[in-house]
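> Quick one: the structure is below, and I'll ask about it shortly.
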Amino acid sequence: MRSPNAAAWLWLLRKEWRELLVSRSGWMLLVLMGPLTGASFIAAMRSYAEISGVNGGLAGVGEAMAPLIGVWAPTFSACELAAVFLLPFVAIRMVGADRQSGALKLELQRNISPFARMGAKVAVALAGWLIAMLPPASALLLWKSYGGTLYAPELLTLAGGHVLNAALTIALGAAAAAVTEHPSTAAIATLGVTVGTWMIHYFAALQGGLWERAAAFTPAAIIGDFQHGLLRLNAVLVAVLLTLAGLAIAAIWQRLGVRTWRRGAASLLVTFGAAVAIFGAAQVRPSWDLSESRGNSFPAADEQALRGLREPLKIVAHLAPEDPRRTDLERSAFGKLRRLMPNLEIEYQSATSTGLFEQSNAGYGEIWYLYQGRQQMSRVTTADGVLESIYEIAQVQLPGDVPETVFRGHPLAVLPAGASTVFYGLWPGLTLLSGILIRRQLQQSPR
């Protein structure tokens, strides 16, 4: 026999699902996911086919032929756009519409805790998001029909990253809708937070330091790692903690019978606790390279040699935040070193943000390596150059020629035939038809 709480929660779950099926914002999200995915997938496929040698082009090899980078990261970027500009309205409607219509007062009469009530809304919103991810999933089937290959670990990592980003977006929209009095205000607040994360990236590029560390945990940066097949435990923990904090604040502000100052105090307490937990989670180091190309890792022999360096290693790079060489260093070498060496310290020094007026300085562009009292300078910004400098200053013999499987990519010189019909015609048409029929049936049936 079901408990009263369980029965009430299931009633709320069915009610929220019904509300999602009749909402215009939910169906608009589903309709637009087709064209968004189609535009990304078709453009990526055409570029991939040209690099693979279609129409007499010059075929390439290596990471350019990795489907994850060439096709799937651009294709699933449609999910990122939808999560930023469309999904918040779905979450805001699910939370804010109940207050506007008075349904929230009826829900409060049920024997359901505020957190369980918010959990039901989030569960339904995530279920709707999984349905919205069907167009990118259908792109996988098209790719397979063209003769392409799939690598499950990197695809699961990519899809899981977008689900995690969607959960964070839903929590943000729910919190904004619960705190504010009107859905339009909640939409502005949600957009303001999104723009704020973009500003963090802007300040990180100009000033570095703490801004750069904070930028590594913004949704855009986390999605960027997932798009390269990199799973960082600290990023996942931070995203989960932010999601839980947003949902907790939303649940607190849905307690209409509690005074405003009490709800505000509880929200501040949740914010402080989340900040402490996030600071601790950011220090967690484990990460996994789940890409087929192992583009986030050094060769196995080099990784083994680097793990053998027990003493602290410090690297001082005289490069400005917006210098392209600094970006290359981070992507090709420094990011990989941080994953391997817990005693690594990397410091950037520059007088300006662009480095344009520092070129006359003789020391600009130098990269200093300090290890066990020894120091060495280099200007090489490639991964091989960085490794060679580290081995030399650490007095470690370079790894020999160890046989290792080199990823050569999966060229596919095939144009995306039929993709336009699927994403621009079939998906929007069937979705619109389904939406009309389902909404009409639900609106006519008794509740």
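Each value in this text was obtained by applying a stated rule to the coordinates, not by laboratory testing. Every value quoted in this text rests on a predicted model; they were computed, and no experiment measured them. Cβ sites come from the backbone with ideal geometry, for glycine too, and all protein chains shown count toward neighbours.
> Relative to the longest principal Cα axis of the chain, at what angle does helix 383-393 sit, 0 to 90 degrees, rounded to 10?
60
> Right, something else. Determine the shape class of segment 161-201: with a ≥ b ≥ c the square roots of the Cα gyration tensor eigenvalues, call it rounded for a/c under 1.5, and otherwise prolate if a/b is greater than b/c, oblate otherwise.
oblate
> With volume of the Cα convex hull per residue in Å³ defined as stated, name the option among (i) 165; (ii) 173; (iii) 191 computed from the structure displayed.
Of the listed options (i) 165; (ii) 173; (iii) 191, (iii) comes from this structure.
> Between segment 124-138 and segment 291-365, what is the separation of their alpha carbon centroids in Å?
Between the Cα centre of segment 124-138 and that of segment 291-365, the gap is 38 Å.
> About the Cα centre of the chain, how large is the charge dipole given +1 on each Lys and Arg Cβ and -1 on each Asp and Glu Cβ? Please answer in debye to the nearest 20.
Charge dipole of the chain: 2600 debye, to the nearest 20.
> OK, next. When the helix-only estimate is applied to the chain (DSSP H runs of n ≥ 4, each -39,500 (n - 2.57), divided by the residue count), what is the mean residue ellipticity at 222 nm, nearest 500 deg cm²/dmol?
-20000 deg cm²/dmol, from helical runs alone.
> For A137 and A7, compute 0.36 nm times the residue count separating them, minus their Cα-Cα distance, and round to one decimal in nm.
Difference between extended and current length: 43.4 nm.
> Based on other C-beta atoms within 10 Å, arrange R213, R325, R93 from fewest to most.
R213, R325, R93
> Pairs on different chains or at least eight residues apart, Cα atoms closer than 23 Å: how many lysine pairs in the chain fit?
Taking the Cα cut-off of 23 Å, the pair count is 4.
> Could you tell me the distance between the Cα centroids of segment 147-196 and segment 207-253, to the nearest Å?
So the separation of the two Cα centres works out to 11 Å.
> Where a ≥ b ≥ c are the square roots of the eigenvalues of the C-alpha gyration tensor, would you call segment 300-393 rounded, which needs a/c under 1.5, or, failing that, prolate if a/b is larger than b/c, or oblate?
Here segment 300-393 falls in the prolate category.
> Please say if segment 112-259 is rounded, prolate or oblate, where rounded means a/c under 1.5 for a ≥ b ≥ c the square roots of the C-alpha gyration tensor eigenvalues, and otherwise the choice is prolate for a/b larger than b/c and oblate otherwise?
oblate
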